[in-house]
Number of protein chains: 4
Amino acid sequence: MAPSFSAVFNSYYNSVGEQYPRAQRGLLTRPDLPTVLEYRTAVDEAILQGLESGSFALDQLDIVELGIHHEQQHQELILTDVLHLLSQNPLYPAYRSDLPRAEPCEVPALHWHPGAEGIQSVGHSGLNFGFDNEGPRHKILLHPHEIGSRLVNNQEFRDFIDDDGYKRPELWLAEGWALKEEQGWEAPLYWIEGEGAWQHFSLAGLGALIPSEPVSHISYFEADAYAKWSDARLPLEGEWELTAHTPQAEDNLLESGIYCPTGVASAFSSAAAFTNATSTTAASTTATSTTAARITARPSQLFGDVWEWTSSAYQAYPGYRAGPGALGEYNGKFMANQYVLRGGSCVTPRQHIRSTYRNFFPAHARWQWSGLRLARDV
Amino acid sequence: MAPSFSAVFNSYYNSVGEQYPRAQRGLLTRPDLPTVLEYRTAVDEAILQGLESGSFALDQLDIVELGIHHEQQHQELILTDVLHLLSQNPLYPAYRSDLPRAEPCEVPALHWHPGAEGIQSVGHSGLNFGFDNEGPRHKILLHPHEIGSRLVNNQEFRDFIDDDGYKRPELWLAEGWALKEEQGWEAPLYWIEGEGAWQHFSLAGLGALIPSEPVSHISYFEADAYAKWSDARLPLEGEWELTAHTPQAEDNLLESGIYCPTGVASAFSSAAAFTNATSTTAASTTATSTTAARITARPSQLFGDVWEWTSSAYQAYPGYRAGPGALGEYNGKFMANQYVLRGGSCVTPRQHIRSTYRNFFPAHARWQWSGLRLARDV
Amino acid sequence: MAPSFSAVFNSYYNSVGEQYPRAQRGLLTRPDLPTVLEYRTAVDEAILQGLESGSFALDQLDIVELGIHHEQQHQELILTDVLHLLSQNPLYPAYRSDLPRAEPCEVPALHWHPGAEGIQSVGHSGLNFGFDNEGPRHKILLHPHEIGSRLVNNQEFRDFIDDDGYKRPELWLAEGWALKEEQGWEAPLYWIEGEGAWQHFSLAGLGALIPSEPVSHISYFEADAYAKWSDARLPLEGEWELTAHTPQAEDNLLESGIYCPTGVASAFSSAAAFTNATSTTAASTTATSTTAARITARPSQLFGDVWEWTSSAYQAYPGYRAGPGALGEYNGKFMANQYVLRGGSCVTPRQHIRSTYRNFFPAHARWQWSGLRLARDV
Amino acid sequence: MAPSFSAVFNSYYNSVGEQYPRAQRGLLTRPDLPTVLEYRTAVDEAILQGLESGSFALDQLDIVELGIHHEQQHQELILTDVLHLLSQNPLYPAYRSDLPRAEPCEVPALHWHPGAEGIQSVGHSGLNFGFDNEGPRHKILLHPHEIGSRLVNNQEFRDFIDDDGYKRPELWLAEGWALKEEQGWEAPLYWIEGEGAWQHFSLAGLGALIPSEPVSHISYFEADAYAKWSDARLPLEGEWELTAHTPQAEDNLLESGIYCPTGVASAFSSAAAFTNATSTTAASTTATSTTAARITARPSQLFGDVWEWTSSAYQAYPGYRAGPGALGEYNGKFMANQYVLRGGSCVTPRQHIRSTYRNFFPAHARWQWSGLRLARDV
């Protein structure tokens, strides 16, 4: 249809051939809308035709399934990029003016949940869909630790700022401190200092910072500094996964309503999350007597609020092998100088959230809905 | 109406206040179309109301007149930027597919016209409108020289390339050579090497390079290197102005049809230009006996084809003083490290062309419709 | 003595105060030699006086011990930097012309040694000196794997190059590929292409590349690409440590003569290393019948040839806490975006080598004597 | 002798061949001292031998003469670079501690000298030595103007600073303002803010700023802003040359003692200069009745204090042609984006100073001994 589209739309696949230079991608004008829609329709029809006629081979079906999940990542990234672009505009335009804004609510005190210990299994089982980097399922050794019952919220992060958190080098990783100095960070991205009060820019536009909402749009460096300041640390991805994964966890998730209803929130669904959280906390309070019960008592806000930075560098699981060709370029080649985030954010498509999912970003990235949960050694 | 517009739309006026950082301007999302149109309509109405009611003071009328001429510069720059943006797209989309493409034509041989000598006057007289940098009118001393009868064309520039013009450092200014090496220049901007033949990208899209068209989209450095290769030099801006300015010159201009008819050309109006050129050349051939006649015999293609690089650094004329306030920031503060271009291009609004007009760009600029005419000492 | 020395010589300690900007450090002129020697003598005398008089408190003695080990790191880095500086000089001067050059030798075939499995202990015991990042000693879980019997050598790395190793993106991490393209890497640092043959620049000057020497001066990205090309992987730091650490390992090390005699080699002591290697290999050949014997049979070239890249991101061990003040800035704050190297190189001071030692550098670093050993899953 | 020296020591001659990359030149280690001296001695002996034996051809003698003058430029640049390097060191070491420091002195009030008008001749006559860019001698047209009787001094420049000279964009060229903001300029280079008073770093080390000394180490942008603030302008190079060139000017110069005696001064020889200045001023006071006398009355401090920025872009004189080969690369290829400075500084070799000499630097350059003299239209 349009042979040159393969270079224009090739983001990073060396095996597909030439790519448009990344740094100049913002300069790329787009084909006009009818041409794009015509192309999209042609692709959709060819895929649907293949699916309906049963003419796809098994490995082709695998690619279609992968493509659909990949498309979900784009849906999330488009909202992430839209927010970032709009934030560059000093007029602070709202993406949609009809988005419900979050209401301040009461946040339960932070409790420490005992984490799973000893030899445990993590990683995707291979049943249902998972990206290649989520497997193979394998054993890990967990040391004694505890996990925070909920996410760190804006009020707590403001306390960190007010306690000179951005001015005390001893709290920071060296690379993070240098970056902060160079970029002039004094608060999370999208916090805007107004007349005596912090404001917060979201897809709903500019509004007051809601203290009860999870802190978001912070880098790994800020998450790590906050954890040091709290005399705690970030969880390992294995610790997080064991906490999040219970027999009923993901089913519950799908019905618990902890997402922001619009799916495009500024609008972190904190209220809903804590409805859920309260009952969970209640469970953990009454069930401290047996180990089994303790492990069942899952912390709240694990899925669909903000991506949670873990302290785990993004590396291959034991036995991982990248596939051949373009599909092999999907995850494996990014396994350097990035950190794993877990859980999914309020703009992550619902079917894209699972306890084994490994999101990854460089330590400096802040434009994601990224926050943190504390952990500590015991 | 929209107070924050003054920062968003402040390109470089320090006296107006805060400016949006230039390097990030490409990231700035725009207010939506209705808001922009509403704002524009409100401005238009206020201006028209003021003009019709006669309520503007004299100095306010001066500002309105300046604003209208400034707007004409934007009209040209928008086309320049559109071409540049589209050129980043490997699909090479046309700005308008209905633009007439130039046809190859016969180019008369280059003749050398004797230039004016001795003490001469240049600069804007102050009658009618002129930008402040065009005056004051003053005397200059011109040394004996000759000016080329027409612009350098694509065929001639291809000869320069084929003679290793981009590979011989002795032809280049040191800064230009370093820049060329760093940027990998091997031809003018928008020349694209195809299978055995040069193609040319213009507002009409990609097409064959037309040998008879004036070479365009070259930097000062390339113009200077071409001139050295030709055993000649670029004209001084005073030499150019004396050549271009005759009693009937600008009136003729307005009727000569040497513009590209659409005003948005790829489409340099070479044919029309040479209709004019031929008669002029004839005149110069038959009239070499008297000085008066020689000076009258004006070279062709002086207006409305391409901006012509001169060797003159863009500096203040004797007695020039920048005005106060924002208007004073208009021209004077750019008088460093830029070079003067004369004549106007095929996308310059017709009323914006005059023999005293001083356009200016840094030596490295190539995204303008910029070409050259030779001069030489005698 | 010289109060402003504290800023001039403060490389990165925020708790000590102001620092000279890192990027401009190469522009810093030095105090003259007598001033430096006077300062050094004064420091030495004060320390010796304190030690001899017994006037240091216990925590002061800890600092002195740490300082001495820190000084050893400087000794190694000075040679690393000298080599790098000399390599910028197209005259390729030798650091010392009296250095013995390595002789080509026979390299034993690569064998695969079974690695330790299951729950194992790693990290510094706290007896004798160790840096804080080497502890606490703790348990890890190792999956079944094998470790290469020796380092990858120049001949093998040349095979990788000849098989288009630097031209096949599927072998590379994405960040490494982009860096390689940008920097134009086509071979390890200090390999210089001569007339039909590779030359190698070392502290002894320019000489023929010795095929039997361990490959050196490669980045993590090149090490990882080589491993992928070999259908293998880099070892985890825990796998390496268990391989290197046996009851007699470090004692043997001190007597085995596997260092380059001069301590400043180009001159990797390959011959000596393989004397050692041969006996070890013999042992492993004859002792495959029992697990105990297999684990005892240690691969060769573990210490004092080149630092070996592991696939482990440099992170805190479980339970690690950085100390207070300047000492706490020593190791912990660099725990982001770096990788662990193990073993020590031919310019590492002998007393500075131990099986628990964790060296660390960013993935792009090549100016170290850094090479690799393969590992693989079984 | 050392064939690779030709690349190492080739600063910018494309016709000589390969060059060491400029940006990395600071990383280049040097051949050891005996090798350098041996090379230098061999060159000296070959030249002397040729001169004494009369074996050089005439064009070879021209090259030797040019080489000697070129060497003088190096002598000046070495001191310029030494000062710059030492200034990077927070210990502020003196180049030589035995340099006499300038003493504050009384500065005569600024007078305005009428400049030459009408058609005048400038440029080197071709008698004695001159660089190619100083010729050909040619006519220029000068408009009515006046020239300041002496250089702008530190006290006056401090007044400019105190009047917010570095904070008022309307005084600055746009490129200069952006540069100043980016680099954080708040005073001339080497002015260091101490406890309530400005200090000045020179080859003699750190000392109090002497108000009576000519301001130095300023960029073209700062000179131009100061001139605008003074309701004046910089002189054109032709205006300067006509002022400086009188029949007896250069002879007087050689005997007037207006140089700093050591030739390496911090130590601008202001006192001596004003001894001279006083008599000149006296002359101008008593001789205002005739034009001839007025032109003879030369301003002071024209030679050997600081290089004086002119407003003239560095361009070719009418009829200038660069020579062939390496000699042709000497001056001509730098004729873009630089400005002419006149007069010579206190570290310029005495025989290197003449009224036609055209020094040139980019507008941002501050590491030279560069200052300014005012001019104004009348």
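If the Kirkwood radius is taken over C-alpha pairs of the range B:136-257, then at 37 °C and 0.692 mPa s the Stokes-Einstein diffusion coefficient equals 197 µm²/s.
Rounded to the nearest Hz, the phi-derived 3J(HN,Hα) couplings of the range D:125-141 under the Karplus curve 6.51 cos²θ - 1.76 cosθ + 1.60 (θ = phi - 60°) are 7, x, 6, 6, 7, x, 6, 4, 6, 7, x, x, 4, 7, 9, 9, 10, where x marks glycine and proline. Between the residues B:PHE160, B:GLN183, B:GLY135, the greatest Cα displacement towards the positive end of the dipole of the range B:113-199, with unit charges on the Cβ of Lys, Arg, Asp and Glu, is found for B:GLY135.
Here the 3J(HN,Hα) profile of the range B:38-43, calculated from phi with Karplus coefficients 6.51, -1.76 and 1.60 at θ = phi - 60°, is 4, 5, 4, 4, 5, 5 Hz, Gly and Pro shown as x. Cα gyration tensor of the range D:145-199, axes a ≥ b ≥ c as square roots of the eigenvalues: rounded (a/c below 1.5), prolate (a/b > b/c) or oblate? Oblate is the answer for the range D:145-199, as a/c is 1.5 or above yet b/c matches or exceeds a/b. What shape does the range D:41-81 take by its C-alpha gyration tensor, where a ≥ b ≥ c are the square roots of the eigenvalues and a/c under 1.5 counts as rounded, a/b above b/c as prolate, and the rest as oblate? In terms of gyration-tensor shape, oblate. Dipole magnitude for the range B:25-167: about 220 debye, using +1 per Lys or Arg Cβ and -1 per Asp or Glu Cβ, origin at the Cα centre.
By other beta-carbon atoms within 10 Å, ranking A:ASP98, C:ASP377 with the fewest at the front produces A:ASP98, C:ASP377. The largest-to-smallest principal axis extents of the Cα set in the range B:61-110 are 46, 37, 21 Å.
What does the charge count around B:TRP240 come to, taking other residues whose C-beta lies under 9 Å from its C-beta (Lys +1, Arg +1, Asp -1, Glu -1)?
With Lys, Arg at +1 and Asp, Glu at -1, the neighbours total -2.
Amide H contacts under 5 Å for B:GLY304: B:GLY344, B:SER345, restricted to partners 5 or more places along the chain or on a different chain, H placed in the peptide plane at 1.01 Å from N. Size estimate for the range A:106-164 follows the Kirkwood approach: the inverse of mean 1/r over distinct Cα pairs works out to 14.8 Å.
What do you get when you divide the Cα radius of gyration of the range B:164-224 by 2.2 N^0.38 Å, with N the number of residues? Show your work: numbers first, answer last.
Working: Rg = 12.6 Å, N = 61, 2.2 N^0.38 = 10.5 Å.
Compared with the compact-globule rule of thumb, the range B:164-224 sits at 1.20.
At a temperature of 10 °C and a viscosity of 1.306 mPa s, determine how fast the range C:1-159 diffuses translationally according to Stokes-Einstein, using the Kirkwood radius over alpha-carbon pairs as Rh; express D in µm²/s, rounded to the nearest whole number.
It comes out at roughly 74 µm²/s.
From the cross-link list B:LYS333/D:LYS180; B:LYS333/D:LYS333; B:LYS180/D:LYS180; A:LYS167/D:LYS180; B:LYS167/C:LYS167; D:LYS139/D:LYS228, which pairs have alpha carbons spaced over 22 Å apart? Beyond 22 Å: B:LYS333/D:LYS333; B:LYS180/D:LYS180; A:LYS167/D:LYS180; B:LYS167/C:LYS167; D:LYS139/D:LYS228.
Neighbouring Cβ atoms from other chains, within 10 Å of the Cβ of residues in A:42-54, number 0 on average. Sorting the segments B:89-95, C:26-32, D:57-63, A:342-348 by their residues' average number of neighbouring beta-carbon atoms within 10 angstrom, most packed first, yields A:342-348, B:89-95, C:26-32, D:57-63.
Would you work out the charge dipole size for the range D:112-249 about its Cα centre, treating the Cβ of every Lys and Arg as +1 and the Cβ of every Asp and Glu as -1, and quote it to the nearest 20 debye? Don't skip to the answer; put the middle values down first.
Numbers: 9 positive and 23 negative charges, 95 e Å.
Charge dipole, the range D:112-249, about its Cα centre: 460 debye, nearest 20.
Here the 3J(HN,Hα) profile of the range B:210-227, calculated from phi with Karplus coefficients 6.51, -1.76 and 1.60 at θ = phi - 60°, is 8, x, 7, 6, x, 5, 9, 6, 10, 7, 4, 5, 5, 4, 5, 5, 4, 4 Hz, Gly and Pro shown as x. In terms of modelled amide H atoms, which long-range or inter-chain residues lie less than 5 Å from the amide H of A:ASN153? Here A:VAL215 satisfy the definition. For the pair B:GLN24 and B:ASN10 in one chain, pulling the backbone fully straight at 0.36 nm per residue adds 3.7 nm over the alpha carbon distance.
Taking K and R as +1 and D and E as -1, what net charge do the other residues with C-beta under 14 Å from the C-beta of B:LEU86 add up to?
Working: positive: A:ARG30, B:ARG96; negative: A:ASP32, B:ASP81.
Once positives and negatives cancel, what remains is 0.
Bear in mind that the values in this text are calculations on the coordinates, not laboratory data. For clarity, every value in this text was computed on a predicted model and none was experimentally measured. Positions of Cβ are backbone-derived with ideal geometry, glycine not excepted, and every protein chain shown enters the neighbour counts.
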